[in-house]
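The values are calculated or read from the model by the stated rules, or taken from the named source; none is laboratory data. All figures in this text were calculated on a predicted structure; none of them were measured in a lab. Here Cβ is always computed from backbone atoms with ideal geometry, including for glycine, and neighbour counts include all displayed protein chains. Heavy atoms of the whole protein, side chains included, go into the accessibility calculation; ligands, DNA and RNA do not. Shrake-Rupley method; radii C 1.70, N 1.55, O 1.52, S 1.80 Å.
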Amino acid sequence: MSVVLITGAGSGIGKELAILFAEKNFDLFLSGKTAEKLKNVQQEILGKYKIKCNIIQYDLNNTDRLSELAENYGMETDIIINCAGIGKIGDFKSLSKDEEIKMINVNFIAPMILSRLFVEKFIGKGVGTVINICSTASLYPNPYLNVYSASKVSLLYYSLSLDKEVSVKNKNVRVLSICPGPVNTNFFSESTRKKFAAYTKYEMSAYDTAKAIIKIFERKKRFSVIGFKNRVFSGLMRLLPISLQLKIVEKFLRKGV
């Protein structure tokens with residue numbers, strides 16, 4: 001039986017991924033910052049599926065002890081999904097230095113370290129997959145989401161490059177980069193979501209996003225943008241000069257400030 005380790009598994013996309021993998025008879029390691037949320041997901045899964053489901057309470061802002069995750073769970077794990085992420089819309093002065101560093105740690109530094117550590121384990125075993133959940137915010141610049149966008153583009157480029165290196169050594173080890181667009185979760189604060197209420201109809205559900213991620217994994221892809229509209233929009237944006245990309249995105253995201 002295969003084993004999946006999912007970060008950010010207490011809610012949103014991570015939770016839905018855990019449930020969908022449980023349906024497919026995968027054993028689970030559920031990692032997250034809040035023990036209560038993880039226990040709720042664990043109980044829901046164990047009440048329906050005859051699998052092993054263990055929880056790992058860990059704050060990814062603490063990057064010093066990440067090697068312990070690989071040492072403790074690396075040989076048992078067949079797939080690791082770096083799904084945890086944090087973000088905040090606002091003028092650059094509205095974020096403290098600590099908030100910005102935490103965002104970079106959770107969104108990039110932690111998944112970068114875990115990707116490297118687990119890839120080493122997978123190469124040793126001869127097979128394994130790292131799935132890094134990036135964002136369409138990594139495909140063009142995002143004023144008022146400066147640090148979030150920068151952290152996600154760093155993760156995307158790191159993942160794509162690492163995957164290319166790994167594929168030369170072993171085609172059975174993958175680093176899969178997936179870019180969802182807006183998703184209907186509690187990722188942003190309620191006040192921010194109210195400011196974009198008119199656009200929530202364009203959001204994908206966490207369930208549909210998780211389902212798409214698994215489909216991409218099963219098709220053995222190495223990079224994908226989730227959602228037809230997201231693929232079209234991001235494709236068109238990349239055809240425009242950066243100055244025009246900035247103008248379009250700034251005007252839209254300013255609504256959330």
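Annotations
- Condition met for residue 228 (of a type in the set (A, V, I, L, M, F, W, C) and either touching a Gly at 6+ places or on another chain (Cβ under 6 Å) or open to solvent by 50 Å² or more (accessible area, probe 1.4 Å) (or both)): yes
- Test: residue in the stretch 189-205 that is at pLDDT 90 or above and out of contact with any Leu (no Cβ under 6 Å at 6 or more places or on another chain): yes
- Once the stretch 1-60 is narrowed to residues that are among the polar types (S, T, N, Q) and more than 21 Å from residue 207 (Cβ to Cβ), the residue that is surrounded by the fewest Cβ atoms within 10 Å (Cβ to Cβ) is 2.
- Extreme residue, surrounded by the fewest Cβ atoms within 10 Å (Cβ to Cβ), among residues of the stretch 61-93 that are in contact (Cβ under 8 Å) with a residue 12 or more places away in the chain and in a helix (DSSP H, G or I): 92
- Tally, over the stretch 87-126, of residues that are touching a Phe, Trp or Tyr at 6+ places or on another chain (Cβ under 8 Å) and of a type in the set (A, V, I, L, M): 3
- Per the conditions (1) surrounded by fewer than 17 Cβ atoms within 10 Å (Cβ to Cβ); (2) over 23 Å from residue 121 (Cβ atoms); (3) in contact with a strand residue (DSSP E or B) (Cβ under 9 Å, 6 or more places away or on another chain), the sole criterion not satisfied by residue 182 is (1).
- Selection status of residue 208, of a type in the set (Asp, Glu) and open to solvent by less than 70 Å² (accessible area, probe 1.4 Å): no
- Among (1) more than 28 Å from residue 222 (Cβ to Cβ); (2) in contact with a strand residue (DSSP E or B) (Cβ under 6 Å, 6 or more places away or on another chain) - the single one residue 190 does not satisfy: (2)
- Hits in the stretch 137-188 - residues which are farther than 23 Å from residue 97 by Cβ, modelled with pLDDT of 95 or more and among the β-branched types (Val, Ile, Thr): 166, 173, 175, 178
To keep it simple, each residue is scored yes or no on (1) part of a loop (DSSP other than H, G, I, E, B); (2) among the aromatic types (Phe, Trp, Tyr).
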| position | (1), (2) |
| --- | --- |
| 31 | no, no |
| 44 | no, no |
| 48 | yes, no |
| 54 | no, no |
| 108 | no, yes |
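- Looking at the stretch 119-229, the helices (runs of 4 or more DSSP H) lying wholly inside it that each contain 3 or more residues that are among the hydroxyl-bearing types (Ser, Thr, Tyr) and free of Cβ contacts under 8 Å to residues at least 60 places away in the same chain sit at 146-169.
- Tallying residues that are of a type in the set (Lys, Arg), touching a helix residue (DSSP H, G or I) at 6+ places or on another chain (Cβ under 7 Å) and open to solvent by 50 Å² or more (accessible area, probe 1.4 Å) within the stretch 140-166 yields 0.
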